[in-house]
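A short reminder: the numbers here are calculations on the coordinates, not readings from a lab. Computed from a predicted structure; not experimentally measured. Using ideal geometry, Cβ is built from the backbone for each residue, glycine included, and neighbour counts are taken over all protein chains shown.
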């Protein structure tokens, strides 16, 4: 497995693997206007990082747990009549702040923290690549399995309910998929930029696609292209990996705006 | 025959407000039932509660096991960020064949628009596409919440003819909310007059002669013209600039039925 010994190959595999999850999931985030929700979940993951280091838990498990708890808490709170916007604003930033405070107590993590805030794709190990692909595979499997139901609930919750679909349950599946994606993406693009990996390629794909499925696939392609372009830029100019990937995807988005929108 | 959907003592609250109080109703297979009532009388809430979109505060709603509902909502906004053609929309949540999709569109009067993006349709076209989708699930009951919004008068008449035809051909029951009183009265088997509670219910003839109904819609004068005039007032109540017709002072309209349930 000498190929996997090359840090660049590992980085490319990890990044491209992630886009299989962020493409379709990001499309749902765009369709359902969950951008801020994704951001909040990702910010909360920093608290998860701090807790897993503090408690000696496996890093991915701790992050997933906290991201999931946050996502569910937000959904519950917003149903109690608080405005979603406010709830997200309170929870996202509180979780990030508590995460940063908690991290400062843990020796060693202080130095590493920027890796979790901004990602450190060039340092992913073989184990990370495996976890990322497994996580992405789980997200894709879940989305494919629920696709028709998720799409119906996204078009209109009342129509879905009248067809015997429980929109609440579908929302829970998306929440779970989002938490899973955040947990595996944090090492690649970092907590601050995960939402960008979800939204920017999907927004680019919207200009190119005529169907929901087409948009999800285009989002994967655009995401993968961004990862490779970002990695190349990172190597060429010695720029940070995660931000370079997001910058590349933003440039692709800008280019797509030159194309006349289809349908 | 057992009813498809029934409500017993159904009350629904929105916060502190009681939107529906103690509603009893049944829909039997194959019948056309129309719910009428002024704005804010809880018509849409009733429909939503029957489908299961609203929680009952008290009482209960029973649907026949495995009941297939074809639902046409009052308004449906599809975000332009979702690229969705008419054809793809018809395949949600159950995939249908191209032939079925085309037949359904032809039947509802919008043939050949399969490939059009759904966000670019006119109100009338969209309404027909929604009906086509509702028919494709082969429903035992069609539930339509003000289905003729966005249709012109000939379109409205054609729409109700189509509904009657569908019922005739498929035997599906139809439950609808409508503002088109004069048309509805002719097209329904049963009418439920709602104003937070069931004011009166029965055949169109019985209902149109009931004092509760006249208190809401008629002025005791009867006749389609009076009904129409009155509806016109109701439609524009929110419009502050709307002048009161001296012959129809709003204050003279008793707004709830004889008793108050607040």
Checklist entry - How big is region B:1-51 by Rg and Dmax over its Cα atoms, in Å? => result 11.7, 37
Checklist entry - Size of region B:130-199 along its principal axes in angstrom, Cα-based, largest extent first? => result 34, 27, 19
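For region A:1-102, report the convex hull volume of the alpha-carbon atoms normalised per residue, in Å³, without decimals. Don't jump to the answer; show the numbers that get you there.
Working: hull volume 11.9 nm³, N = 102.
Hull volume over Cα atoms, normalised by residue count, gives 117 Å³.
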Checklist entry - When the C-alpha atoms of region B:1-120 are aligned to their principal axes, what extent does each axis show, in angstrom, from largest down? => result 46, 37, 24
Next on the checklist: Quick check on packing: order B:185-195, B:67-77 by the mean number of other C-beta atoms within 10 Å, highest mean leading.
Outcome noted: B:185-195, B:67-77
Item to check | Separation of the residue A:100 and residue A:8 label points, Cα + 7 Å toward Cβ, nm | outcome: 3.5
Next on the checklist: With bins 10 Å wide starting at 0, give me the P(r) of region B:54-160 over every alpha carbon pair, in whole percents.
Outcome noted: 14, 43, 30, 11, 1
Checklist entry - So what is log10(I(q)/I(0)) for region A:55-180 at q = 0.15, 0.19, 0.20 1/Å, when the Debye sum runs over its Cα atoms only? => result -0.91, -1.21, -1.26
Checklist entry - Rounded, prolate or oblate: which fits chain A, taking a ≥ b ≥ c as square roots of the Cα gyration tensor eigenvalues, rounded meaning a/c under 1.5, else prolate when a/b beats b/c? => result oblate
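Could you tell me which of rounded, prolate or oblate describes region A:132-263, using a ≥ b ≥ c as the square roots of the eigenvalues of the alpha-carbon gyration tensor, with rounded for a/c under 1.5 and, failing that, prolate when a/b is larger than b/c and oblate otherwise?
Details: a/c = 2.81, a/b = 1.54, b/c = 1.83.
Oblate is the answer for region A:132-263, as a/c is 1.5 or above yet b/c matches or exceeds a/b.
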Item to check | Three-way shape call for region A:95-169 based on the alpha-carbon gyration tensor, with the a/c threshold at 1.5 | outcome: oblate
Next on the checklist: Relative contact order for region A:142-263: what percent, with Cα pairs under 8 Å and sequence separation of 6 or more?
Outcome noted: 22
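If you take the alpha carbon radius of gyration of the protein assembly as shown and divide it by 2.2 N^0.38 Å, what ratio comes out, to two decimals? Don't skip to the answer; put the middle values down first.
Values: Rg = 27.8 Å, N = 525, 2.2 N^0.38 = 23.8 Å.
Its radius of gyration relative to the 2.2 N^0.38 Å reference: 1.17.
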Item to check | Average projected area [Cα convex hull, region A:54-108], square nanometres | outcome: 4.1
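For every helix of n ≥ 4 consecutive DSSP H residues, a contribution of -39,500 (n - 2.57) applies; sum these over chain A, divide by its total residues, and give [θ] at 222 nm rounded to the nearest 500 deg cm²/dmol. Working shown, then result.
Numbers: 12 runs with 215 residues, N = 263.
Mean residue ellipticity, 222 nm, calculated: -27500 deg cm²/dmol.
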Item to check | 10 Å Cβ neighbours from other chains, averaged over peptide B:62-69 | outcome: 1
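When Cβ neighbours within 10 Å are restricted to other protein chains, what is their mean count per residue of peptide B:72-82? Could the numbers behind the result be given before it?
On the way: counts 2, 5, 1, 2, 4, 2, 4, 6, 3, 9, 13.
Average per residue, whole number: 5.
Output needed for region A:123-164: three equivalent-ellipsoid semi-axes, defined as square roots of 5 times the C-alpha gyration tensor eigenvalues, in descending order, whole Å. Please list the in-between numbers first.
Numbers: eigenvalues 232, 14, 5 Å².
Largest first, region A:123-164 gives 34, 8, 5 Å.
At a threshold of 8 angstrom on Cα-Cα distance, excluding pairs fewer than six apart, so keeping six or more, what relative contact order does chain A reach in percent?
Values: 427 pairs, mean separation 80.2, N = 263.
Once normalised by length, the contact order is 30 percent.
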Checklist outcome for this item: With label points set 7 Å from each Cα along the Cα-to-Cβ direction at residue A:93 and residue B:209, the distance between them in nm comes to 6.8
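Can you pull the mean other chain C-beta count within 10 Å for peptide A:160-168? Write out the running numbers ahead of the final one.
Working: counts 4, 6, 16, 10, 7, 2, 1, 1, 0.
Partner-chain Cβ atoms within 10 Å, mean over residues of A:160-168: 5.
Between residue B:161 and residue B:26, what FRET efficiency comes out of the Förster formula 1/(1 + (r/R0)^6) with R0 = 22 Å and r the beta carbon distance, rounded to 0.05?
On the way: r = 26 Å, r/R0 = 1.18.
So, using R0 = 22 Å, E works out to roughly 0.25.
Given the convex hull over the Cα atoms of region A:208-254, what projected area results after averaging over all orientations, in nm²? List each step's numbers first, then the result.
Details: hull surface 12.4 nm².
For region A:208-254, averaging the hull's shadow over all directions gives 3.1 nm².
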